[in-house]
Amino acid sequence: MDKPTREEAMALLKKYNQDEALLKHALAVEAVMGHFAEKFGEEDVEKWKVVGLIHDLDYEKYPEVHCQKTEEILRQEGWPEDYIRAALSHGWKICTDVEPVERMEKVIYTVDELTGLITATALMRPSRSIMDLNAKSVKKKFKQKNFAAAVDRNIIEEGANLLGMDLNEVIEETIKGMQTVADELDLRGDL
């Protein structure tokens with residue numbers, strides 16, 4: 001397979017995932033990856049988005065071997081090595097030893113956890129919307145360790161450092177990416 005399409009990625013994602021929350025997470029990460037690719041002037045925005053879409057391919061059915069099964073599935077499907085490596089890099093120090101080296105890998109490593117924190121923050125707002133959310137509000141929740149406690153703040157901070165970006169900027173850009181799919185994520189809210 002030379003270059004997997006979004007349609008192929010979505011079909012594969014839905015083959016292994018039916019959980020609505022996991023599918024929304026995949027859409028969020030896809031949108032954010034596309035946003036960062038455009039921001040950085042990357043030539044292959046679609047590649048970044050496809051990687052975002054399939055990064056948690058195995059999570060619903062095989063959580064105990066997360067990333068290992070993704071690698072196996074993508075290899076069986078004949079996916080290119082750089083796509084596989086990028087998908088695996090989001091689990092660095094958690095369930096893989098694939099260190100994010102390429103910029104695409106660093107972005108997915110950083111934003112995977114962050115999209116969860118942003119979603120939780122948006123849902124706590126009176127508007128229940130991401131459209132009026134800003135980095136300051138997310139940063140406030142970031143500091144509350146008991147809020148969205150499953151989100152690993154260290155990964156987000158380490159990822160921002162890997163990217164050479166300020167944490168506030170990473171949060172702001174991640175929000176912008178997620179805003180492009182607010183309806184699909186049910187985060188348009190009451191605005």
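The values are calculated or read from the model by the stated rules, or taken from the named source; none is laboratory data. Every value quoted in this text rests on a predicted model; they were computed, and no experiment measured them. All Cβ positions, glycine included, derive from the backbone under ideal geometry; neighbour counts span all protein chains shown.
Observations, loosely collected:
- Residue match in the stretch 81-90 (condition: in a loop (DSSP other than H, G, I, E, B) and under 21 Å from residue 63 (Cα atoms)): yes
- Checking each residue in the stretch 103-120 for being farther than 20 Å from residue 23 by Cβ and surrounded by 22 or more Cβ atoms within 10 Å (Cβ to Cβ) picks out 104, 105, 106, 107, 109, 110.
- Those residues of the stretch 6-21 which are within 16 Å of residue 46 (Cα to Cα), surrounded by 12 or more Cβ atoms within 10 Å (Cβ to Cβ) and not hydrophobic (A, V, I, L, M, F, W, C), in sequence order: 6, 8
- Looking across the stretch 125-156, the residues that are touching a Ser or Thr at 6+ places or on another chain (Cβ under 9 Å), under 24 Å from residue 94 (Cα atoms), part of a helix (DSSP H, G or I) and of a type outside the set (Phe, Trp, Tyr) come down to 138, 141, 155, 156.
- So residue 172, is it acidic (Asp, Glu) and either outside any loop (DSSP other than H, G, I, E, B) or free of Cβ contacts under 8 Å to residues at least 24 places away in the same chain (or both): yes
- Note on the stretch 14-43: residues that are more than 14 Å from the chain's Cα centre (by Cα) and at pLDDT 95 or above total 11.
- In the stretch 48-80, of all residues being part of a helix (DSSP H, G or I) and within 14 Å of the chain's Cα centre (by Cα), the one that is surrounded by the fewest Cβ atoms within 10 Å (Cβ to Cβ) corresponds to 49.
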